[in-house]
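Only the coordinates and a few stated rules stand behind these numbers; no lab work does. This is a predicted model, so every value here is computed, not measured. Cβ placement follows ideal geometry from the backbone for every residue including glycine, while neighbour counts extend to all protein chains displayed.
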Amino acid sequence: MCKGAAGRRTHWIRAGRATWKTRPVSEERGAVMHVVVFEDRHVADLFPVTLGRPAYAILCGSYRLVDLIVRLDSAPCAVVREYLADIQAADFPCFRPATAAAAAGALWINARLVPSRRVYDTLRSMLDRAEPCVVRSRSSIAAAVLSAGVPLPPTVSCTSLDDLFRGPGVADLSEQHVDLPLLEYPHDIVRHNQRTLGDNLELRLTDGEYQEIAEGVFAATGASLGEYAVTNTQSGPIVLERDVKIGPYAYVCGPAHLGAAARVLEHAAIKDGVSIGHTAKVGGEVEASVIEAYTNKQHHGFLGHSYLGSWINLGAGTCNSDLKNTYGNVNMTYGNRRVETGMQFVGCLMGDYTKTAINTGIFTGKVIGVCSMLYGFVTTNVPSFVNYARLFGQITELPPDVMVATQRRMFDRRNVAQRPCDVRLIHDMYARTAEERRLGGDPLTL
C-alpha cells in the first residue's frame, strides 16, 4: 500500500505478502474484433520524436501505446509511414497489414493516443461493446469502431485513410464523447508523462510479478537497490523491471519507472515522475523526464521536464534549463509555427542518435533534431544531421554515412546487430530533414 499519484491512498490487489500476480489477457476480452493502429497525417507534428519510430512506440508514463494494444489483440494490424515498414516488421512482428481487417469488424486506434490506463480502459470498453462509432479529438479521429464490410481504400496508407474516414459507413457514424487525448506536439509527451505515470504504475502492479524490496519499491527478477540508496514513495510507487540496478547513494523519488536492464549510477537523483526505457544509463539529476531505450545520460548534470530519444549520449556536465527567468509559460517553436504550451516547465526535446559534448548548456524549450552533435550553448532549435557549435560560429552538415558508422560503433558496444533496415533508416531520416536544415536560419557547410 502506498500513496497514488494524486496523494490518495491506493490498495493494490496482490497475492501473498508481496508477490504481484498477472491477470491473463484472455480474461479481459469480451469481443472478437480486430484492432488496427494507424498513423495519420499529423504524425509529422511530433517530429523529431517520430522521425525514426512509429508514433505507437513513444514512451510516455512508462508505457508505449503498442504495449497496451497487444493486450487488446495479440495479432493487431498497423498502418505506418512507408519508410518505417521495414523497421516495424523487424521490431514489432506482432503487427499484420491493415488489409487483414477488411473482412471483419475492427477497432481503429490512432497511433498518437496517449498510452495511459484510462485510454486503455476506454478502448477495451469500445472493443467489448463492438458498437460502430467514432471518437474525435479536435479535428482528428482518435478511435473508431467500424463494422464488417466497410470498404478499405485500394491501397491502405497514412494518406489514404482520410478517404476511409470520410467515406461511406464511417462519416455518418454516431460520435462518442469520451476522453481519448492525442499527442499533438513533442512537449505533450512531457505533460502526459507526469499526468499518467502514477495510474499507469498501478496497472503494472496489478498485472506484473514484483517483490516489494522496500516500502513502495517493487522489483522484478534481478532488480536491486544499491547500498545506502534512498527512496521516497510518498507521491507514488517506484517500479523496477528485470535486472535494473540502482547504484549506492542514489536517490529515487516516485512515481518512477525503470525499464529492463536500466542502470541508475551512484549519487544520481531521480525525481518527480521519471520514465526510463530499457538498457538506459542514467546519472546526475533527472526530473519529470522521459528517456528512451539505449540512451546514456551517465554523468553529472541536470535534465528536467525533457524528452530524450534512443541512442543519445549526453556528455559530462550537460545541463538543460526547464524554466524561463520570467517564470512564465514556455512557448515552443516547431518549424515556422509558434505553439503555446500552457506549461511553466519545459526542457529540451531531443531526437534519436544525437550527442552532446562536455558542459553543453541547452536553453529552455529547445527542439533538437536527430543525429546531431552539440557543442557549447544551445540557444536555438537544432536541425537534424548537423554539427552545432553556434557559440564558436560554426554549424556544419553531418553526412548520413558518418552517422551510419557511428550507429555501428554504438550498436557494437551494446551487442546489438546493425541491420540493413537500421542503415536505411539513417538515410531516410536524412532525406526527410533536408528542408529542416535549409530553413534552420544558419548557413551550413560540408
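Enter the Cα centre distance for the pair segment 121-149 and segment 331-369, rounded to the nearest angstrom.
So the two Cα centres are separated by 34 Å.
Rounded to the nearest 20 debye, what is the charge dipole size of the chain about its Cα centre when +1 sits on each Lys and Arg Cβ and -1 on each Asp and Glu Cβ?
Value, rounded to 20: 520 debye.
Two decimals is fine: what's Rg over Rh for segment 288-446, C-alpha atoms, Kirkwood radius as Rh?
Looking at segment 288-446, the ratio lands at 0.96.
Quick check: the distance between the Cα centres of segment 65-84 and segment 221-269, to the nearest angstrom?
The distance from the Cα centre of segment 65-84 to that of segment 221-269 comes to 30 Å.
Normalised by the residues of the chain, what does the relative contact order come to in percent, with Cα pairs under 8 Å and at least six apart?
12
Rounded to the nearest 5, what is the percent of antiparallel bridges among the DSSP beta bridges in segment 187-438?
Bridges in segment 187-438 are about 20 percent antiparallel.
Please identify the longest segment of the chain free of exposed chymotrypsin sites (Phe, Trp or Tyr not before Pro), where exposed means a DSSP state other than H, G, I, E or B and no more than 10 other Cβ atoms within 10 Å.
1-227
What percent antiparallel are the DSSP beta bridges of the chain, to the nearest 5?
30
Mean separation of Cα pairs under 8 Å and 6+ residues apart, divided by the residue count of segment 31-166: what relative contact order is that in percent?
Contact order relative to length: 31 percent.
Sequence gap of 8 or more, or different chains, plus Cα separation below 21 Å: how many lysine pairs satisfy both in the chain?
Here the count comes out as 14.
P(r) tail for segment 187-438, what percent of Cα pairs lie past 32 Å?
Value for segment 187-438: 22 percent of Cα pairs lie more than 32 Å apart.
Per DSSP helix of 4 or more residues, -39500 (n - 2.57); summed, then divided by the residues of the chain. What does that give at 222 nm, rounded to the nearest 500?
Taken over the chain, the calculation gives -6000 deg cm²/dmol.
If we count every other residue with Cβ under 11 angstrom of Pro54's Cβ, Lys/Arg +1 and Asp/Glu -1, where does the sum land?
Counting the neighbours of Pro54, the net charge comes to +2.
In a GNM of the chain with a 10 Å cut-off on Cα contacts, which of Pro255, Pro48, Pro400 has the highest mean-square fluctuation?
Looking only at Pro255, Pro48, Pro400, the largest GNM fluctuation is found for Pro400.
When Lys and Arg each count +1 and Asp and Glu each count -1, what net charge do the other residues less than 10 Å away from Asn313, Cβ to Cβ, add up to?
+3
Rounded to the nearest 5, what % of the DSSP beta bridges within segment 189-311 are antiparallel ones?
Around 10 percent of the beta bridges assigned by DSSP in segment 189-311 are antiparallel ones.
Let me understand segment 242-294 better: what is its radius of gyration from the alpha carbons, and its Dmax, in angstrom?
Computed over the Cα atoms of segment 242-294, radius of gyration and Dmax are 9.5, 24 Å.
Among the trypsin sites (Lys or Arg not before Pro) in segment 67-152, which ones are in a DSSP loop with at most 10 other Cβ atoms within 10 Å of the Cβ? Mind listing them?
Within segment 67-152, the qualifying trypsin sites (Lys or Arg not before Pro) (loop, at most 10 other Cβ atoms within 10 Å) are Arg138.
Report, by chain and number, residues whose modeled amide H sits under 5 Å from the one on Val36, excluding near sequence neighbours (fewer than 5 apart, same chain).
Cys77, Leu107, Trp108, Ile109
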